[in-house]
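**Q** This is the structure, below, for whatever I ask next.
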Amino acid sequence: MAKHATVIDACMGTGKTTYAIMMFNSAPADAKFLYITPYLDEVERIEQDCPDFIQPMTVREAEKREKETGKAVYVHPSIRHCSTKGEAIHQLIADGHNITSTHALFKDVGEDTVELLRLQGYTLVMDEVLNVVEGLDVKAKEVKAMLAADVIRPAESLIEGTRILKAMPGDQDGFTTKYNDFRDIAANGRLIIVDEAVLVWLLPPDLLEVFNEVYVMTYMFDCQPIAAYFDMFNIPVEMKTMWANRLVDYSPEIANSKLIGIEGKIEVHEKGRINDIGNAPTALSKTWFGKDTKVKSQQLGRNLYNFFHNHTTCNPEERMWTTYKAFRAKVESHKEASRFADGFLSCNVRATNEYAHKSTVAYCCNLHMDPFIKKFFQYGGTDPHEKDWALSEMLQWIWRSRIRTDRSITVYVPSKRMRDLLKDWLQNVAQWTKGADAVAA
């Protein structure tokens, strides 16, 4: 069983996934791997580049995806009879196949499948960190109603002396079946009650113990929630990074070596008054957008138009911008929005080269961690590093542009909080990368 996790922390574009593919294809025939990523494109890349890897899915799911994408989707013969994804995963593990899947896999496996993983001796490779804890869409009054009706009931403290409690299924006598999903999550040991009013899904720490080895591939690991999770549950980590397509001991100089000179290739736009809209600490946050009656959002749309048309010179196809998907329509309600709207890219997109021609980009978000997730970690005695997490999310989005091919870009970040994080990071990278070649040697 894995006694620790090996973290491969290296900046975007250093070949972490390529390294994983090399590891898979050169491994002994009896080695078994479970590759997990948030992105379907990466799942399919592994399926294509590693012939022994299979993606778990049902025939119905494959037919739906074929209809959506127009591309044929292969379902392995051993799982064609499976009616649920959970059954497909169980069958593939029982047969000892190598598996490539999205992070949703961990929500589809039951205790019997976990035991199979232990018996089969798999190695887990997480390409980009998974959400080890997620807030569930249920109101506090509904949580209290479920507790009162014994749909779910509190068990022991997850961590002694805290307000974080494990949940277990109750008897649900005479109560509606509306909340059966929560009972099922509780039955799998993944439902947590925080402050007697909030439910969160938690990846059970003992799940990682069933693997022979655990690898996590990411950038800025220390500011990811999974780092706080490892700290909270005393899971040791061994830090590595990439250098010349091989693993070496971690240092910030080597991990950021691909970024040498990057501070001269990212122009943070600060001309004119189009940044004034973001001066308040909470400006462009979800709460800010939610309270807005379109006046500020339309002003942001006007600013975007000015940025793309008056402050910069680029072809329309080189423009890229983002905000929260739920508030995109508010920003696009500005009368000139049609002049830039086509360049929208969701703010949580990662791991794609499709936008590597974009030279002029606008990041119109001010990220804050879910307050209950933040409270969960703080109750557990760990620091989730909210500002650094926000920075890492922004960098992942910016790196969809042509900066990933080492070509210069102009970035408009109207939130002063987020803009300052980016400028500070650029200064830090300049220091980290001094003498990177000598450190690696």
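**Q** Give the stretch 109-137 a look and list any residue that's over 30 Å from A94 (Cα atoms), in contact with a helix residue (DSSP H, G or I) (Cβ under 7 Å, 6 or more places away or on another chain) and of a type in the set (A, V, I, L, M), or say none.
**A** If the condition is that a residue be over 30 Å from A94 (Cα atoms), in contact with a helix residue (DSSP H, G or I) (Cβ under 7 Å, 6 or more places away or on another chain) and of a type in the set (A, V, I, L, M), then no residue fits.
**Q** Next up: Here are some residues: I226, I254. Which one is assigned to a helix (DSSP H, G or I) and farther than 27 Å from H368 by Cα?
**A** Within the list I226, I254, the selection yields I254.
**Q** Which ranges mark the helices (runs of 4 or more DSSP H) fully within the stretch 366-441 that have 3 or more residues being within 30 Å of S157 (Cβ to Cβ)?
**A** Those helices (runs of 4 or more DSSP H) span 371-379, 386-398.
**Q** Can you spot a residue in the stretch 350-361 that is under 22 Å from T282 (Cα atoms) and surrounded by fewer than 18 Cβ atoms within 10 Å (Cβ to Cβ)?
**A** No, the stretch 350-361 contains no residue that is under 22 Å from T282 (Cα atoms) and surrounded by fewer than 18 Cβ atoms within 10 Å (Cβ to Cβ).
**Q** Scan the stretch 26-37 for residues that are surrounded by fewer than 20 Cβ atoms within 10 Å (Cβ to Cβ) and in contact with a strand residue (DSSP E or B) (Cβ under 8 Å, 6 or more places away or on another chain) and jot them down.
**A** Selection gives A27, A31, K32.
**Q** Counting only residues that are charged (D, E, K, R) and part of a strand (DSSP E or B), how many does the stretch 184-222 have?
**A** Adding up the residues that qualify gives 1.
**Q** Next question, about the same structure. On the given criteria, is T162 closer than 30 Å to S26 by Cβ and hydroxyl-bearing (S, T, Y)?
**A** no
**Q** Of the residues I159, I152, which single one is more than 24 Å from the chain's Cα centre (by Cα), modelled with pLDDT under 85 and among the aliphatic types (A, V, I, L, M)?
**A** So the residue among I159, I152 that is more than 24 Å from the chain's Cα centre (by Cα), modelled with pLDDT under 85 and among the aliphatic types (A, V, I, L, M) is I159.
**Q** To continue, here is another question. Residues of the stretch 361-402 being of a type in the set (V, I, T) and farther than 22 Å from C11 by Cα, which ones?
**A** Listed by number, the residues that qualify are I373, T382.
**Q** Listed residues D231, D171, D222; which is in the same structural domain as V138 (by TED's automatic domain parsing) and not hydrophobic (A, V, I, L, M, F, W, C)?
**A** D171
**Q** Right, something else. Just a yes or no: is a residue in the stretch 409-420 basic (K, R) and either under 17 Å from the mean Cα position of the chain (by Cα) or in the same structural domain as E42 (by TED's automatic domain parsing) (or both)?
**A** No, that holds for no residue.
**Q** Which residues, taken from the stretch 1-25, are hydroxyl-bearing (S, T, Y) and either more than 25 Å from I254 (Cα to Cα) or surrounded by 15 or more Cβ atoms within 10 Å (Cβ to Cβ) (or both)?
**A** T6, T14, T17, Y19
**Q** Continuing with this model, one more query. Applying the selection to the stretch 23-46, what residues are assigned to a helix (DSSP H, G or I), modelled with pLDDT under 95 and over 12 Å from T102 (Cβ atoms)?
**A** Across the stretch 23-46, the qualifying residue is only R45.
**Q** Okay, next question. Can you name the helices (runs of 4 or more DSSP H) wholly within the stretch 56-148 that have at least 3 residues being free of Cβ contacts under 8 Å to residues at least 40 places away in the same chain, surrounded by fewer than 18 Cβ atoms within 10 Å (Cβ to Cβ) and within 26 Å of the chain's Cα centre (by Cα)?
**A** Per the criteria, 59-69.
**Q** Still on this structure, please answer the following. Kindly establish whether A341 is surrounded by fewer than 20 Cβ atoms within 10 Å (Cβ to Cβ) and within 17 Å of W288 (Cα to Cα).
**A** Judged against the criteria, A341 is not a match.
**Q** If you don't mind, another one. If we scan the stretch 272-287, do we find a residue that is small (G, A, S), surrounded by 17 or more Cβ atoms within 10 Å (Cβ to Cβ) and out of contact with any Lys or Arg (no Cβ under 8 Å at 6 or more places or on another chain)?
**A** Looking for residues that are small (G, A, S), surrounded by 17 or more Cβ atoms within 10 Å (Cβ to Cβ) and out of contact with any Lys or Arg (no Cβ under 8 Å at 6 or more places or on another chain), one finds at least one in the stretch 272-287, hence yes.
The values are calculated or read from the model by the stated rules, or taken from the named source; none is laboratory data. If you're wondering where the values come from, they're calculated on a predicted model, not measured in any experiment. With ideal geometry, Cβ positions are generated from the backbone for all residues, glycine too; neighbour counts draw on all protein chains shown.
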